[in-house]
Amino acid sequence: MESSLCHGFGVQTCADGSSYVRKFKFGLKHGLGSYHFRNGDKHAGEYFRDKIHGFGVYHFPNGHYYEGAWHEGRKQRYGTYGFITGDTECGEWDDGNRLSPETGLLRKAVQSAQEMARKGVDQRRVHEQVVRAVAAANKALDSS
């Protein structure tokens, strides 16, 4: 019996105009991906069992953003909330609420996590370039 659940890489476009691009596991958003909500919100980062979970960046339509850790769809542990003015609040979060103000050590930990995330984005770009190059090579072989 064949399953109709999405599994692997793909694009999901919903009737409300929202969309998800990247990886699915048994029909659920899972792994790295980006979601564009119909209200203009955007999230790029990790998903687990259909929820934002792990490290990610969430952009709001008003220009604000949150960059940091998530747990089951809520800000959790360390992260930075940025305002359109350029001001930022860095600290520890629990269940979506900021608990503690930043400290030098905390800021370094968040910056380290952000740098690791950027490297992950760069690795995905390299992977995408390799996939395109392999596809072009296969096409050239098929046409010869």
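With a cut-off of at most 13 other beta carbons within 10 Å, and DSSP calling the residue loop, which GluC sites (Glu not before Pro) in region 14-87 qualify? Please list them.
Passing both the DSSP loop test and the Cβ count: GLU72.
Classify region 1-65 as rounded, prolate or oblate, taking a ≥ b ≥ c as the square roots of the eigenvalues of its Cα gyration tensor: rounded when a/c is under 1.5, otherwise prolate if a/b is larger than b/c and oblate if not.
The shape class here is oblate.
Which of SER112, SER18 has the fewest other C-beta atoms within 10 Å, and how do the rest follow up to the most?
SER112, SER18
Fewest to most neighbouring Cβ within 10 Å: what's the order for CYS14, CYS6? Before the final figure, lay out each step's value.
Values: CYS14 12, CYS6 18.
Result, fewest neighbours first: CYS14, CYS6.
Would you mind ranking ARG98, ARG38 so that the residue whose beta carbon has the fewest other beta carbons within 10 Å leads the list?
By the 10 Å Cβ count, ascending: ARG38, ARG98.
A short reminder: the numbers here are calculations on the coordinates, not readings from a lab. Treat the numbers as computed from the prediction; the structure is a model and nothing was measured. In this analysis, Cβ positions are derived from the backbone assuming ideal geometry, glycine residues included, and neighbour counts consider all displayed protein chains.
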